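These notes are about the structure you will find just below.
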Amino acid sequence: MRTIVAMPGDGIGKVVLPEAIRLLDAAGFKAEYVHGDIGWEFWQKEGNALPQRTIDLLEEHKIGLFGAITSKPKDAAAEELAPELRDKGYVYFSPIVGLRQRFNLDICIRPCVSLKGNPLNFIRRSADGGFEEPMVNTAIFRQNTEGLYAGIEWTNPPENVHAALATHPKWKKFADVPKEEMAISTRIITKTAATRIIRAAFEYAKKFGYSNVTVCEKPNVLRETSGMMLSIAKQIKEEYPDIDLWDTNIDAQMMWLTKNPEDYGVVVAENMFGDIISDGFAGLIGGLGFACSANIGDEVAVFEPTHGSAPKYEKLDPSIVNPIAMFLSACMMLDHIGENEVSDKIKKAIAEVVEEGKARTYDMMKLRGGPKVFEQGACTTQELTDAVIAKLK
């Protein structure tokens, strides 16, 4: 029997993850779930949002199912530490970013696929004055461990860092700025990691019949880092003659997103740009309530919805939140471990519930979140799970 490390995390993660496990059980997936401590509670109590004991569980069992995380800026995080831990040198770092870096979960896959009948699907005006609903079927491949999110930053950089940066010709305009008035982030892309994510994108396109891979970067300005991504993609494309290679600038891509989203197959980008473009595509298929993701390394993989922790909704009873992104993340986990039949059964049941339209959470009804949504016909989180389970039978 497979053992899964279940990490609810913060906020609504504590709501949607148990519902996903209930659905997995109903679909016939046999597994043991071991709880992993992660999130804001452990930052406050221990000064560590990612305890070593949770890392050890993932080292042992290799597969994690993750709910959601709360992250706050440095000063706000420090203020919420237990009094006895303050001013002891603890620095908050996102635990999901920590997991990605600790286990080199460098390949992040974020499918954005329209579900027929979803009232939140993107609709555009057609040339004849009517309306059309393009069906989006895009997979974002986000390099997960490098780029701007690698965490190599300084406020008031140390002298050796400052001196090294000062050797760059473009540094002249900063030469008179005092170090203590500087905050510096790095954007590092390595050939090895870029090659791995781009090849994975082409392999995915080949496996699932996508006709194109798009590199979404900014090589006209970020000439070295984005330039490396595009150069490697051109080399790898030669091994896949039946797949077109497109390249777009991240800013222009966001503008074009609503013009022809159905044309894009697989999109690959650095960490931050991949984060941006995946949220953009998620908006076309109903928002983050439908956005799933996988973080995959050589040995360990963690699967999570891309929505945040939404703490204001955590304690609503009954719960109002949409669990579909969590369900689809669980399906990605099933596909990863070879349980494709169970995954397909769950995805089919979700599609049927959405198309039928009888069970809809508040977001699918375009309502403002709060306890009064039930008076307007919204279903609870648990009722949506019940509806999907009923379709399994």
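Here are the numbers for the structure shown:
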item: Order of S211, S309, S94 under a 10 Å beta carbon neighbour criterion, fewest first; result: S211, S94, S309
item: Dipole of the chain, positive end: most advanced residue of G47, Q143, V373 [Cβ charges, Cα centre]; result: V373
item: Gain on full stretching of the segment that runs from W154 to K312 - 0.36 nm per residue minus C-alpha separation; result: 53.6 nm
item: The stretch 89-108 versus the stretch 223-297: alpha-carbon centroid distance in Å; result: 22 Å
item: Proxy reagent accessibility, fewest Cβ within 10 Å first, across T306, T385; result: T306, T385
item: Global geometry of the chain, whether rounded, prolate or oblate, following the gyration tensor of its Cα atoms and the 1.5 cut on a/c; result: oblate
item: Violating pairs (Cα-Cα greater than 30 angstrom) within the set K62/K218; K72/K173; K234/K348; K14/K345; K72/K116; K74/K234; result: K62/K218; K72/K173; K234/K348; K72/K116; K74/K234
item: At R0 = 35 Å, FRET efficiency that the Cβ-Cβ distance of V221 and Y90 yields, to 0.05; result: 0.45
item: The stretch 185-216 residues near the modelled E341 label - backbone nitrogen below 17 Å, point 7 Å along Cα→Cβ; result: none
item: The stretch 118-248 - convex hull of the alpha-carbon atoms, volume per residue in Å³; result: 200 Å³
item: Packing-based ranking, highest mean first, of 161-170, 230-239, 198-207, 348-357 given that Cβ atoms within 10 Å are counted; result: 198-207, 348-357, 230-239, 161-170
item: Full-extension gain in nm, H162 to D75, via 0.36 nm per residue minus C-alpha separation; result: 28.9 nm
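Here, each number is a calculation from the coordinates, and none is a lab measurement. Keep in mind the model is a prediction, meaning the values are calculated, not measured. We place every Cβ from the backbone using ideal geometry, glycine too, and count neighbours over all the protein chains shown.
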